[in-house]
Every structure is written in C-alpha cells, then in structure tokens.
1. Out of the residues in the stretch A:30-52 that are farther than 27 Å from A:Gln174 by Cβ and touching a Gly at 6+ places or on another chain (Cβ under 9 Å), which is surrounded by the most Cβ atoms within 10 Å (Cβ to Cβ)?
2. Going by the structure shown, is A:Gly22 facing chain B (nearest Cβ under 9 Å), closer than 25 Å to A:Glu154 by Cα and either touching a helix residue (DSSP H, G or I) at 6+ places or on another chain (Cβ under 8 Å) or without any contact (Cβ under 8 Å) to a residue 40 or more places away in the chain (or both)?
3. Hey, could you check the stretch B:117-127 for residues that are small (Gly, Ala, Ser) and farther than 14 Å from B:Ala52 by Cα and say which is modelled with the lowest pLDDT?
4. State whether the residues of the stretch B:44-54 include one that is assigned to a helix (DSSP H, G or I), more than 14 Å from chain A (Cβ to nearest Cβ), at pLDDT 95 or above and within 15 Å of B:Leu111 (Cα to Cα).
5. Identify, by number, the condition in (1) in a helix (DSSP H, G or I); (2) aliphatic (A, V, I, L, M); (3) buried (at least 21 other Cβ atoms within 10 Å of the Cβ) that A:Val58 doesn't meet.
6. If you go through the stretch B:97-110, how many residues are within 12 Å of B:Ile81 (Cβ to Cβ) and surrounded by 15 or more Cβ atoms within 10 Å (Cβ to Cβ)?
7. Any idea how many residues of the stretch A:80-130 are assigned to a helix (DSSP H, G or I), of a type in the set (D, E, K, R) and either modelled with pLDDT under 85 or farther than 16 Å from A:Ile178 by Cα (or both)?
8. What about A:Asn170, is it in a strand (DSSP E or B), within 17 Å of the chain's Cα centre (by Cα), closer than 18 Å to A:Ile21 by Cα and not hydrophobic (A, V, I, L, M, F, W, C)?
Amino acid sequence: MDENIVLNELERDALTELVNIGVGRAATSLGKLVDKHILLSVPALELITLLAASRLLVESESDGLVAVRQQFTGVFSGRALLILPQSAKLDLVRAVVRENLSTAELAELERDALAETGNIILNGCLGSMANILQQPLALSLPEVIQGDGNQVLEIDGVGGDRQVLFLYINFVIQGQNIRGYIAMILDLPSIASLKQLIAAFIASVTGEDFGSSDPN
Amino acid sequence: MPITVLIVDDSKLARIVVARTLKALQPDWERAEASNADQALSIFEAERIDLALLDYNLHGRNGLELAAELRIRSPEMPIAIITADVQPDVISGAQRVNSLVVNKPLTEDGLRPFLSVAAARLGESPG
C-alpha cells in the first residue's frame, strides 16, 4: 500500500508540519530541563509495517534501546515514544538531574527520570498537536520499556505485519553525547478520522476547502 | 512600488498559512515563495525582495543559516524566523543575524508586531 493513497501530499505536509510544531515545543521544554540546546531533524513520515519500523530503529542502534511510551486515544489513536540507545540512558538522566550523582544513585533514579523526561517531551508534542486540531487526546501514563526494536514497539507474533503510519524525528542534546528519536505510531483504523481532522485543519488555515479528493 | 515579501518554508501548508496571514495584515504586499534555502537565495538574486519570513526547521540549511546568507547580501532587510522551537539558542541565533523570532503556529497577532516594524522601516503604513 502506498502512503499517497492514505494521505495526499498536502495532508502529509500538514501532518508533518503539525508534528514539527509539536516537537519544536517539546524541544523547547527539554532544552529548559537540561539547560542545553536540542537539535531536531525535520520529521520523516512513512507508511510501513511495524516490523519495518522496528528494523529502522535497530539499524541505527546495535546496543539495545530504551523507550518511554505513552498511548494516546481520542479521535485518532496510537503511541508516542521517546527512544534512546541504551548507552545514552544514564547520560540523559544525568543531564536531567543536573547533579553529580554516583552511578548507583543514577540507576536508582533512572526509571523515574526517564518517565518524567519522556512525559515532558511526549506531552509537549501531543498536547500542541491536539490543541491545533482542537481535539482532546487522552494520554496514558508514561511507561519505560527496554529491549530491541521489536520489544520497544511491542511486536509479538503476527502483529509485525500491521501497517502503521510511522513518524520520527532525530534529536541531539548539544554538548552531550545524547541522541535519540521521538516517534509516533498511528494505527491505520484511526487514519480515516485523522485525515478528516487534517482536512478540516487545512481548510481552517487556508480558508479554502482542500478536500481529501484534492489531487495535489 | 509594492513591497515584496519572501516566504520560505518547506511545508506548502505553512507557506499558505504565512501568505494568508500576511494578506490579512498587508493586503497590498506581494509575495515570493521558496521551499528551501537555495531556492530562496536564487529568488533573492533575481527579484527585488524587501523583507523575509523564514521557517527555522528547513531541510538542508536551516532558517538561521539562510538568514545569515541573506544578511550578507542585505544588511538592513527585515527578517523574521518563524518557529515553534523557541529555545534560547534559536532566539540568540536570530538576534545575531538581526532578525526576530515569530511563533509557530503563526497568527495575525503573532506576525503583526514584526510587520509593523518592517513597514515603518520601509516607509510604509503599519497596516
């Protein structure tokens, strides 16, 4: 299935722009938290299977991943993840805590600090998207997951064949050896309603009706 | 001679939003649009551009890098960087190239102060 069938060019553009705004806000919050500049890539948007998404994650990280995940439900549903290589995990905790702690103390704080950081980033991102679309999204509490790409994306058995809309952004905390991804997985059943919301959003910002049948 | 505004954003939708907001505030101003820094610079070389509205998070060179390039060519032109990423480094980067940060999502209220200052500097009515 081609993603262009699911979302037309202007809709893809609008969704990318929405995520861009959300992640920009989230980076501003994270930057304040760690008192460093956060560099962001331009979001990438792909319609792929969960397994392909997992391969994308594992390709760039060989030493295992840690992720903070929040589910969101509303007119559209899915999962948002902050994903880091295992090797960057304690550095992130150290950057967030901003105190000289022993490795043992850091390890103790690890889960809490990761969940809190993930929460700030993911809430910032989803919250501004929901505000712009004027649709409330219910967010679950953050959960910390460790493992490989499949475990982080919770692929068990046949679920890997499922097509999802996968959005991801690379981030780097400047001056620290910390990089990771912010990813969003949208379930296909909710794409139809997302498409409607995006069409309404496009119409509201352009003042014109660019329906989803628009060939551009 | 009408004022021409260069709008640079890799998102077509974002350019539509900027164009619409600009039109609401300054209906007589003309627009030129580009989706990346290279295109923006070639438009700048070819046409008379009076002010620029640049997205920060562009593919390739970002909005601040583009602003620096434009600044070399035009030390006085009003430039705004439009971004949701309002980290201190972005804001100080914008100040270094003598440009102003305008928040994304863009609104008329958000764009008005920059346009008023720009209009005054260009000898136009503030709209």
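1. A:Leu50
2. Yes: the conditions hold for A:Gly22.
3. Among those residues, the one meeting the criterion is B:Gly127.
4. Taking every residue of the stretch B:44-54 in turn, none turns out to be assigned to a helix (DSSP H, G or I), more than 14 Å from chain A (Cβ to nearest Cβ), at pLDDT 95 or above and within 15 Å of B:Leu111 (Cα to Cα).
5. (3)
6. The total comes to 8.
7. Here is the first cut: in the stretch A:80-130, the ones assigned to a helix (DSSP H, G or I) are A:86-97, A:103-130.
From what is left, the residues that are of a type in the set (D, E, K, R) are A:89, A:91, A:94, A:105, A:108, A:110-112, A:116.
From what's left, either modelled with pLDDT under 85 or farther than 16 Å from A:Ile178 by Cα (or both): A:105, A:108, A:111-112, A:116.
Summing the residues that are assigned to a helix (DSSP H, G or I), of a type in the set (D, E, K, R) and either modelled with pLDDT under 85 or farther than 16 Å from A:Ile178 by Cα (or both) in the stretch A:80-130 gives 5.
8. Details: in a strand (DSSP E or B): yes; within 17 Å of the chain's Cα centre (by Cα): yes; closer than 18 Å to A:Ile21 by Cα: yes; not hydrophobic (A, V, I, L, M, F, W, C): yes.
When the stated conditions are applied, A:Asn170 passes them.
The values are calculated or read from the model by the stated rules, or taken from the named source; none is laboratory data. Computed from a predicted model, the values in this text were never measured in an experiment. In this analysis, Cβ positions are derived from the backbone assuming ideal geometry, glycine residues included, and neighbour counts consider all displayed protein chains.
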